[in-house]
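> The structure's right below; bear with me while I get my questions together.
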Amino acid sequence: MDSATTLASLAMLKVNIDDGKDYLEYLRPYVIHVLHTIRPDVVSDTSVADGLRNICGLEIPHRTVNIILQRLAKDKNLIKENGLYRINDLPVGNFEADKAASARHLDFVSAELKNFADETARRDISIAEATDSIVAFLSQFSIPCLKSFLRGTALPKFGKEEDWQVVLVGQFVHQMHDKPQLFESFMRFVEGHMLANALLCPDLRQVSNTYENVVFYLDTPILIKLLGLEGDEEKQAIEELISLVHRLKGEIFYFSHTQDELTTVIRNSAEFIDSPKGRGTIVASALKQKRTKSDLILIAENSSELLESNGISCIQAPSYDQKNHKFEIAEEAFAAVLDDEINYYNSRARDYDIKSVRSIYVLRKGISPQSIEKSKAVFVTSNVSFSKAAFEYGKRYEQSSHVSTVITDFSLANTAWLKAPHGASQLPQKEVLALAYAAIQPTSKFWAKVLEEVDKLQANGLISARDHQLLRSSTHVQDELMKLTLGSETSLTKESIKETVQRVTDEIRKEDADLITSIEKEKQELQQNLLEEKNTISKIRQNIYWDADGIAKLEARIGSIFIWGVQIIISVMALVALFYNSNDDLWVYLIMFCVVGSALVRILGTHWDLKPVKAGPLYISWRRKRLIEKRYKLLGVPNEASDSTVNLKESQ
């Protein structure tokens, strides 16, 4: 078992995506393939889980595997005797053919990544190292701090993951805008991983398919992204997530103290916009977007109105009063847990985090939710360490051991996307682009090391004053240095710094500034046109999905009302006939028909799992699918799966 096996399995999951389907059914062909391969005398969840890991490269919890074994036994594929499963009659599928098709996508992407590493970072990596790097990048898309998800990711560990691998793949993804076939092949692994995350939660099929009655409160870093202060990629990913949560009937707000923190952070960043010591994502993004100090101050002053235009309002945190006293947390204990997880540069940031978690506990009013859908209130952050600290505190001191008061934005994005993947087809793409953009930004520690080395080089007369200024202030230099070093301090030498200066200087000498600007603008326009075209098609698909979903639900509701109405009318008229001692036997027969029909439905439901309560959801899923297919055909919108397969063949 290696990383290539895992990636091929993830790509196969993407092929089988079907909205409305029980996600655990995606695991069935993998389990059957494992059983065909190992042919055990006695089938157990342990042996199958080991087989899934060794043969398919997926780390699936035993509880999930056990559910699939029960279903196989129910379908007579397995026989259960004395509490033990044995193979009876396993179906033959197209597993090997699907695996071969997925392997072609993997070969395509890994070969391109290998070439990219050699040409851009001058790092010679093998195909195996390329696939390991892709897995390292995908491992960033995990679901921590939700106990119902028995693991954070379905990806096994393949040794130590290196930071340079994530940066390399981030740079690789960042330059895919003009390579749509390559990007679509790469997205198969991402969406497959997000689907695989569903297999980590055996109870996922039992939770609501909406976030009705759940309120999500956004942390300051999320609001900063939403305001576009960390780049367009981050902004678009958050906008897509907010749109999906609203469609799923969830509410989104932010606390008043979060508003105070937001304006303070933006104003502080504005003070350093013209300083050589200016650091941080807001400053770096402002330099790239040519924002000035006054621009940032204006955004800070109008932040509440800008957020309101995105459908996000500010709300007062619960008050400290006698009514809420019994729901308050031990703030000193939580502060200690935070200090174990996070190194705060500013103590006020810790105070804001404590206020946020305390507010969620008060809003939950002592409940111990088993899922996000039952949580009433959830705080959403991009800080994984913060979410882990809140989760640990909940396990030790409070009643939130299943769903933390704080979850990451990707945890919310993944779980929301699983509810309606065809209704938010762009969400995985925008999450990937946001992660890629974040991965290629230099960390504060790395950039401090760069500035230290730059000062030494100038002091020793190895670079000129002009080169010194260029290294400190040029965002283009920062990008080139990250490409050359992949963010690794061990690769940061005087040679790499001087080479970066030489690269940029040669480029400036080669073409005048106006020509560079013109070419870049033309390239961006072409990329934007391509992106807009893809976005238009994706939005058409999303609108078709939600329109079909609404029609299907309306029809199901009307059908339900009609059936109940008919039953009530028959019952009332039969009772009236009996009350007046009518000799008309028709009503007696109608009552007998209703009783016998109800009994027959229950008998059939026991044998074939046909329960009246499932009729509505099954009809909605079936009707929605037919409506979508009809609209696709009418408008000439291509099927997503067939479209990506054609593109791959054309690229090869």
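The values are calculated or read from the model by the stated rules, or taken from the named source; none is laboratory data. Since this is a predicted model, take the numbers as computed values, not measurements. Every residue, glycine as well, gets a Cβ built from its backbone with ideal geometry; the counts of neighbours run over all protein chains shown. Just the protein is used for accessible areas: all its heavy atoms, side chains included, with ligands, DNA and RNA removed. Shrake-Rupley method; radii C 1.70, N 1.55, O 1.52, S 1.80 Å.
> Using only protein heavy atoms and a 1.4 Å probe, report how much of residue 36 is accessible, in Å² to the nearest 10.
Per-residue accessible area (residue 36): approximately 70 Å².
> Still on this structure, I have one more. Per 5 Å bin from zero, what fraction in whole % of the C-alpha pairs of the range 352-427 is there, up to the bin with the longest pair?
That works out to 3, 16, 26, 24, 15, 8, 6, 1, in percent per bin.
> So, one more: R0 = 25 Å: FRET efficiency of residue 546 with residue 25, Cβ-based, nearest 0.05?
On the way: r = 24 Å, r/R0 = 0.96.
E between residue 546 and residue 25, to the nearest 0.05, is 0.55.
> Name the residue farthest towards the positive end of the dipole of the range 1-116 from the options 46, 84, 68, assuming +1 on Cβ of Lys and Arg, -1 on Cβ of Asp and Glu, about the Cα centre.
Working it through, the farthest residue towards the positive pole turns out to be 84.
> With 32 Å as the limit, write out which pairs from 74/376; 179/225; 74/365 have Cα-Cα distances beyond it, or answer none. Mind showing how you got there, number by number?
Working: 74/376 37 Å; 179/225 26 Å; 74/365 42 Å.
Over 32 Å apart, Cα to Cα: 74/376; 74/365.
> Using 7 Å Cα-to-Cβ label points, what is the residue 374/residue 622 separation (nm, one decimal)?
So the label points at residue 374 and residue 622 sit 3.1 nm apart.
> Right, next: Measure off 7 Å from each Cα along the Cα-to-Cβ vector at residue 476 and residue 239, then give the distance between these two points in nanometres to one decimal.
About 2.8 nm separates the two model spin labels.
> From the phi of every residue in the range 285-296, what ³J(HN,Hα) in whole Hz does the Karplus formula 6.51 cos²θ - 1.76 cosθ + 1.60 yield, where θ is phi - 60° and glycine or proline is x?
5, 4, 5, 5, 8, 6, 7, 9, 4, 5, 4, 5
> Continuing with the same structure: Take residue 499, project a point 7 Å from its Cα along the Cβ direction, then tell me which residues of the range 439-467 have their backbone nitrogen under 20 Å from it.
Residues 440-443, 446-447, 449-458, 462-464, 467 fall inside that zone.
> Classify the range 1-112 as rounded, prolate or oblate, taking a ≥ b ≥ c as the square roots of the eigenvalues of its Cα gyration tensor: rounded when a/c is under 1.5, otherwise prolate if a/b is larger than b/c and oblate if not. Mind dumping the intermediate values first?
Numbers: a/c = 2.14, a/b = 1.79, b/c = 1.19.
Prolate, since a/c reaches 1.5 and a/b exceeds b/c.
> Here's a follow-up. Through the Karplus equation 6.51 cos²θ - 1.76 cosθ + 1.60, θ set to phi - 60°, convert the phi angles of the range 483-488 into ³J(HN,Hα) values in whole Hz; use x for Gly and Pro.
Each residue's phi maps through the Karplus curve to give 5, 6, 9, 6, x, 8 Hz.
> A further question on this structure: Compute the distance from the alpha-carbon center of the range 427-469 to that of the range 542-566, in whole Å.
55 Å
> Under the rule a/c < 1.5 gives rounded, and otherwise a/b versus b/c splits prolate from oblate, where does the range 344-500 land using the Cα gyration tensor? If you can, show how the numbers build up before the last one.
Numbers: a/c = 3.94, a/b = 2.10, b/c = 1.87.
Prolate, because a/c is 1.5 or more and a/b exceeds b/c.
> Same structure, new question: In nm, what is the difference between 0.36 nm times the number of residues separating residue 344 and residue 455 and their Cα-Cα distance?
Separation in residues times 0.36 nm, less the Cα-Cα distance, equals 37.2 nm.
> For 564, 622, 546, what's the largest-to-smallest order of accessible area, 1.4 Å probe? Don't jump to the answer; show the numbers that get you there.
Working: 564 155, 622 125, 546 45 Å².
My answer, sorted largest first, is 564, 622, 546.
> Further question: I'd like the Kirkwood hydrodynamic radius of the range 342-385, using the inverse of the mean 1/r over distinct C-alpha pairs, in Å.
After inverting the pairwise mean of 1/r, the radius is 11.9 Å.
> Okay, next question. Taking loop as defined by DSSP and a crowding limit of 15 other beta carbons within 10 Å, which trypsin sites (Lys or Arg not before Pro) in the range 51-115 fit? The partial results should precede the final answer.
On the way: sites: 53, 63, 71, 74, 76, 80, 86, 99, 104, 114; in loops: 76.
Filter output for the range 51-115: 76.
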